[in-house]
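Trainee: Once you've had a glance at the structure underneath, I'll fire off some questions.
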Amino acid sequence: IGGLIGQVELSQLLINNSWTGGNVKSLQGDLGGFVGTNNGSIFNSYAMGNINGAGIASNLGGFVGTNTASGALGGSYASGDAVSSGTGDSVGGFSGTNLGLITESYAKGSVFAPNGVGGGFVGLSSGVIEDSFSSGSIRGGSSLGGFAGELEGGSLFRTYTHSDVTGCLLYTSPSPRD
């Protein structure tokens, strides 16, 4: 589910010089201010809307929910907030989950991820991110980072953040036994 496009399905598709300002809200799935799921190439584009998700294991990003292994994003930015009230979500100011390539992009919206992973730019990444930055605040549980909430491989080159991070370890007491 995306502010402009739900899913860019084919890797041969190219989107350039486009923008959207609408808000995105859903209970589950890949939610992005510009595109929900990206398999193609998107350049010189931006998203200004807020993202709000409340599901289980969703990917929420200010620009893209999930950038797949064949996806490439460049010269783009997101300014909206990404807010999750779900469980196990991956939340990022620009991308919820990145498996592909992101270059020369930035995010300046706030991120809220109380029960998942959250990062100022990307929630979870095993792809490549270069020449990118984030500046929004990050709040939530214990898996938070100013730029990335969690890295599972891939690489970061020339990335930086100017983000405040506020986390807390959430604790639930065990159930009493009979």
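Trainee: How many of the residues making up segment 59-106 are closer than 15 Å to ASN23 by Cα and among the β-branched types (Val, Ile, Thr)?
Mentor: Number satisfying all stated conditions: 2.
Trainee: Also: Can you list the strands (runs of 3 or more DSSP E) found entirely within segment 74-178 that contain at least 2 residues being within 13 Å of the chain's Cα centre (by Cα) and touching a residue at least 24 places away in the same chain (Cβ under 8 Å)?
Mentor: Those strands (runs of 3 or more DSSP E) span 82-84, 90-92, 95-98, 111-113, 117-119, 122-125, 143-145, 148-151.
Trainee: Give the residue that is most open to solvent (accessible area, probe 1.4 Å), with candidates limited to residues of segment 31-42 that are in contact with a Leu (Cβ under 6 Å, 6 or more places away or on another chain) and either in a loop (DSSP other than H, G, I, E, B) or of a type in the set (Gly, Ala, Ser) (or both). Full working, then the answer.
Mentor: Start the filter on segment 31-42 by keeping residues that are in contact with a Leu (Cβ under 6 Å, 6 or more places away or on another chain), which leaves 31, 34, 40-42.
Next, only the ones that are either in a loop (DSSP other than H, G, I, E, B) or of a type in the set (Gly, Ala, Ser) (or both) stay: 34, 40-41.
Numbers: PHE34: 0, GLY40: 0, SER41: 27 Å².
Per the criteria, the residue is SER41.
Trainee: Out of the residues in segment 3-30 that are within 18 Å of SER70 (Cα to Cα) and not in a loop (DSSP other than H, G, I, E, B), which is most open to solvent (accessible area, probe 1.4 Å)?
Mentor: Residue satisfying both the conditions and the ranking: LEU14.
Trainee: While we're on this one: Of the conditions (1) at pLDDT below 95; (2) over 23 Å from ASN23 (Cα atoms); (3) touching a Ser or Thr at 6+ places or on another chain (Cβ under 7 Å); (4) surrounded by 24 or more Cβ atoms within 10 Å (Cβ to Cβ), LEU144 satisfies every one except a single condition; which number is it?
Mentor: All conditions are met except number (3).
Trainee: May I pose another question? For segment 82-101, check the following and say yes or no: at least one residue is surrounded by fewer than 23 Cβ atoms within 10 Å (Cβ to Cβ) and under 19 Å from ASN44 (Cβ atoms).
Mentor: Yes, segment 82-101 contains a residue that is surrounded by fewer than 23 Cβ atoms within 10 Å (Cβ to Cβ) and under 19 Å from ASN44 (Cβ atoms).
Trainee: Scan segment 16-26 for residues that are farther than 11 Å from ALA78 by Cα and free of Cβ contacts under 8 Å to residues at least 40 places away in the same chain and jot them down.
Mentor: Of everything in segment 16-26, those that are farther than 11 Å from ALA78 by Cα and free of Cβ contacts under 8 Å to residues at least 40 places away in the same chain turn out to be ASN16, ASN17, SER18, GLY22, VAL24, LYS25, SER26.
The values are calculated or read from the model by the stated rules, or taken from the named source; none is laboratory data. These numbers were taken from a predicted model, which means no experiment stands behind them. All Cβ positions, even for glycine, are placed from backbone atoms using ideal geometry, and neighbour counts span all protein chains on display. Heads up: the accessible areas ignore ligands, DNA and RNA and are worked out on the full protein's heavy atoms, side chains in. Shrake-Rupley method; radii C 1.70, N 1.55, O 1.52, S 1.80 Å.
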